[in-house]
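The block underneath contains the structure these notes are about, expressed in structure tokens.
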Amino acid sequence: MTINGWLQISIFFLVILALTKPLGTYLYRVFESPEKPLPRVFGPLERWSFRLCGVDPEAEQTWKEYTLALLLFSLVGLLVTYAILRLQHFLPFNPQALGPVPPDLAFNTAASFTTNTNWQAYGGESTMSYFSQMAALAWHNFISAAAGLGVALALARGITRRAAKGGEAPRTLGNFWADLIRSINYVFLPICVAAALVLVSQGVIQNLKPYETVKLMDPYSARVTKKDASGQEVKDEKGNTVMEAVKVETQTIPLGPVASQEVIKEFGINGGGFFNANSAHPFENPTPITNFLEMILIFALPAALTYTYGRMAGDQKEGWVIFGAMALLFLVGVGVTYWAEARPNAALAGLGVEQSAGNLEGKETRFGIANSSLFATVTTDCSCGAVNAMHDSFTPLGGLVPLVNIQLGEVIFGGVGAGLYGMLVFVILAVFIAGLMVGRTPEYLGKKIESREIKYAMLYVLIFPLIILSFAAWAAVAPYALSSLNNAGPHGLSEILYAFSSAAGNNGSAFAGLNANTPWWNLTLGLAMLAGRFWMMIPVLAMAGAMVGKKTVPPSLGTFPTNGGLFLGLLVGVILIVGALTFFPVLSLGPVLEEFLARQGKFF
């Protein structure tokens, strides 16, 4: 570890801290204030959008109506995306004449982008046409992020809305369609257009050109799979694939509309790369400047939403407590990852490899250890999944932190909306525990927390590990699943566990040693993504519906304060205890065991 590395991490955090208040205030004005920002610019666009879609923004919805609108909209988006991928060979902007995406992969990808996961079991440059990248994937990056933001706003309204003096308690949570349209018009489109131009100025490509084939200055020999005249792989008498030597004299350089997708991939916390190498590819992330900007884009909205929530609650300290809990977990995580990756890789000990700079396997030298560790922590603290280094090549403890970040529910800032509503669920649990400590009915912002809300909270908490551990256990014993592993032993288990954690957590990053592009993996991961998104959104919205109608009571001597450091510590403790009790047994068989074996010089 170096002073320069810590300085870069510190600057990143300070920039996020500086952006939290102004961006949070802007979000509050967009969604909660009658005085919208820049009315002459966005006002006509908003009115036109509402008129075109037939939306009355004043017609608010109950939690059931809000949920139904969300689910139906997401279902239509999934079907449209699946159709585009299956029919891309008939659609325009396909300069490489790519064929249709196979059915299982098309389902997996449609589920992935609908759920804001952006898990990719394919190489974008060799599988997706430009039309598919723009009309299916980049489009979903906008609308899935907007949908998640709407759910967070609905829960925040349910908790913070109060009855007018002498009036009845409110029963509605806003309007899903209005939240969706305002998210796109006021937040995602303007910021993404501006940031895309900045990325283009730094070397991120943006074009519709066919791929370039260039002649190599220094041809080389390579071994490839031998194929017969019909294109089938040739096997020997034992059934093994036959390899042959070929001379490589040219290279195909993929191109495409990258910058426009890159910004919303980060700002919408989606994570799906235009290229297979994601943000490690020089056309997506060419310089340390673009790398820094992309990390800022990932954290900006989740951090700002904590300030927005404080404004909605009428007590800014409530928002800062949530921000503080997120920041504490983030700083501990990045510190452990940086420390683990700055050490020599035990797997390379005794091989004569120079490791004074730390574990550089799977990392871009233009980013180095510090920025690779920071990016890995940022992208898994949020449900983003973009990567600038290969997590599969991290040391056991370095890979443990991104995995744990996801398994904590990705509440450490988290996805667009998902981080805030996930953290608010833990806030409700922490308030309930605090109420048990003092022997009083727990209250939060003047509303009593009763059995109904706790049931919804526990349902939210239990669904997540149920999805991950059930599918991971199945994969760990099924031959058709194990055949996709490149590693045995504890690292192979970590690859399985990371895959289903990433899918259920709607993250999208991976331990890339796993070949997930098989019918079984595509189907199960797709189901895990859908369940991890919508099975967890439903109890959140139900909780919002239960909270919004409650009458507020004035604080008393027995009320546990939720706007100070004591509650911050309790909140962090609840998050860690729930995560530790749930996943520690399986983690001890994966990355923890791998670390102990590595120290003994034993590898699989």
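Bear in mind that the values in this text are calculations on the coordinates, not laboratory data. Fair warning: this is a prediction, and the values are worked out from it, not measured in the lab. A quick note on method: Cβ atoms are made from the backbone with ideal geometry, for glycine too, and the neighbour counts reach across all protein chains shown.
Show me the ranking of peptides 376-388, 316-328, 398-410 by mean Cβ neighbours inside 10 Å, starting with the highest.
Those peptides, ordered most packed to least, come out 376-388, 398-410, 316-328.
Sorted by packing (mean other beta-carbon atoms within 10 Å per residue), highest first, where do 412-425, 78-91, 129-142, 254-267 land? Please report the intermediate quantities before stating the final value.
Numbers: 412-425: 28.7, 78-91: 17.9, 129-142: 22.6, 254-267: 25.2.
Per-residue Cβ counts within 10 Å, averaged per peptide and sorted highest first, yield 412-425, 254-267, 129-142, 78-91.
What distance in nm separates the simple spin-label points at V224 and V55, each placed 7 Å from Cα in the Cβ direction?
4.9 nm
Once Rh for the chain is found with the Kirkwood sum over Cα pairs, what is the Stokes-Einstein diffusion coefficient at 25 °C and 0.890 mPa s, in µm²/s?
The calculation lands on 98 µm²/s.
Can you tell me what the convex hull of the Cα atoms of region 212-253 projects to on average, as an area in nm²?
3.8 nm²
Of the options Q120, A59, A18, report the single residue whose Cα projects farthest towards the positive end of the charge dipole of the chain (beta-carbon charges: Lys, Arg +1; Asp, Glu -1).
Value: A59.
Using only Cα atoms, locate the centre of region 373-436 and the centre of region 1-68, then give the distance between them in Å, rounded to an integer.
Cα centroid to Cα centroid, the span is 22 Å.
For region 212-253: lysine pairs with Cα atoms under 19 Å, gap of 8 or more or different chains, count?
Count of close lysine pairs: 7.
Hey, which lysines would be in cross-link range of K447, C-alpha to C-alpha under 22 Å, not counting anything within fewer than 8 residues on its own chain?
In chain and number order, the partners are K64, K165, K317, K455, K550, K551.
Return the calculated 222 nm mean residue ellipticity for the chain, to the nearest 500 deg cm²/dmol, obtained by summing -39500 (n - 2.57) across DSSP H runs with n ≥ 4 and dividing by the residue count.
For the chain, the value works out to -19000 deg cm²/dmol.
Does anyone have the angle between helix 63-86 and the longest principal axis of the chain? Alpha-carbon axes, 0 to 90°, nearest 10?
20 degrees
Can you put M217, M547 in order of Cβ neighbours within 10 angstrom, beginning with the fewest?
M217, M547
Once both axes come from the Cα atoms, what is the angle between helix 3-31 and the longest principal axis of the chain, in degrees from 0 to 90, rounded to 10?
Roughly 50 degrees between the two axes.
Could you order peptides 178-186, 65-73, 464-472, 592-600 by the average number of other Cβ atoms within 10 Å of their residues, highest first?
178-186, 464-472, 65-73, 592-600
If one computes the Cα centroid of region 182-216 and of region 143-165, what distance in Å separates the two points?
One Cα centre to the other: 31 Å.
So how tilted is helix 103-114 from the main axis of the chain? Cα-based, degrees 0 to 90, rounded to 10.
40 degrees
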